[in-house]
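Worksheet: one structure, shown below.
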Amino acid sequence: MEVSKRKRREEEPEMASNSVSNQAQAQIKVAAICGSLRRASRNSGLIHCAIEICKESIPGMKIDFIDIEPLPFVNVDLEKNGTYPPVVEAFRQKILEADCVLFASPEYNYSVSAPLKNAIDWASRPPNVWADKAAAIVSAAGGSGGQRSQYHIRQIGVFIDLHFINKPELFIAAKPPQTIFDNDGNVIDPDVKERLKSVLLSLQAFTLRLDRK
């Protein structure tokens, strides 16, 4: 009996290790959306950095950077017999196929940028393709680093049934003199890269946890 117990105790850590390994290898598709359309946007730089981090050090997590610039303004007159314009249908399909969402948001007038709100609204039209997905937000903005924008996105997420990670948070005060981003908006600060990696790992773990429920 004692031998049996000892054998079981020895096997349990290995089983737990295998479980973690299997979860890490599960392929997670992330839909990444930037709320800024600017060419050298620091928020798009955060997404590009996240893509590289996943390639280099987060197995099983792949980020698809979705361009929202082509989306028309939300207008129900564009909806015909339950369908949407082709560019909107393509955008909605990408959100639907994703396992989770990463938002990179600037802050405009204490709130969400117009392009990002427009994209969120299109994907929430029936049927709501955001529903039951895990999500995370990062932001680069002047002043508070985009705190108000992030909190407004979280409020919107309550209605469209997104489930946001709570920690860690990443707010970057993008004010001159700039040492976090280069002139093209690329992240050059090692500490920010590590903090962004922590956000991605939290999103990965939360997505896997939701998937098991």
Looking at this model, which pairs from K80/K167; K133/K175; K94/K175; K55/K80; K133/K193 are more than 29 angstrom apart at the alpha-carbon? K80/K167; K133/K175; K94/K175; K55/K80
Summing -39500 (n - 2.57) over the DSSP H runs of n ≥ 4 in the chain and dividing by its residue number, what mean residue ellipticity at 222 nm do you reach, to the nearest 500 deg cm²/dmol? -15500 deg cm²/dmol
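Can you figure out the FRET efficiency of A90 with L37, using R₀ = 22 Å and their beta-carbon distance, to the nearest 0.05? Mind dumping the intermediate values first?
On the way: r = 18 Å, r/R0 = 0.80.
My answer for the efficiency is 0.80.
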Phi angles of the stretch 126-131, converted by Karplus (6.51 cos²θ - 1.76 cosθ + 1.60, θ = phi - 60°) into ³J(HN,Hα) in whole Hz with x for Gly and Pro, give x, x, 5, 8, 7, 4
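Suppose every K and R has +1 on its Cβ and every D and E has -1 on its Cβ; what is the size of the dipole of the chain about the Cα centre, in Debye to the nearest 20?
The dipole magnitude comes to about 420 debye.
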State the label only: which of (i) 1.50; (ii) 1.06; (iii) 0.94 corresponds to Rg/Rh (Cα atoms, Kirkwood Rh) computed from the shown model? (ii)
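Set the Förster distance to 41 Å, then compute FRET efficiency between D77 and R212 from the Cβ-Cβ distance, nearest 0.05. Write down the numbers at each step before the final one.
Details: r = 42 Å, r/R0 = 1.02.
Calculated value: 0.45.
What is the local net charge at P176, summed over the other residues whose Cβ is closer than 14 Å to its Cβ (Lys, Arg +1; Asp, Glu -1)?
Details: positive: R42, K175; negative: D182.
Residues close to P176 contribute a combined charge of +1.
Quick note: the coordinates plus some simple rules give every number you see, no bench work behind them. Only a predicted model underlies this, so the values are computations on that prediction, with no experimental measurement involved. Counting neighbours? That spans all protein chains shown, and the Cβs are built from the backbone with ideal geometry, glycine included.
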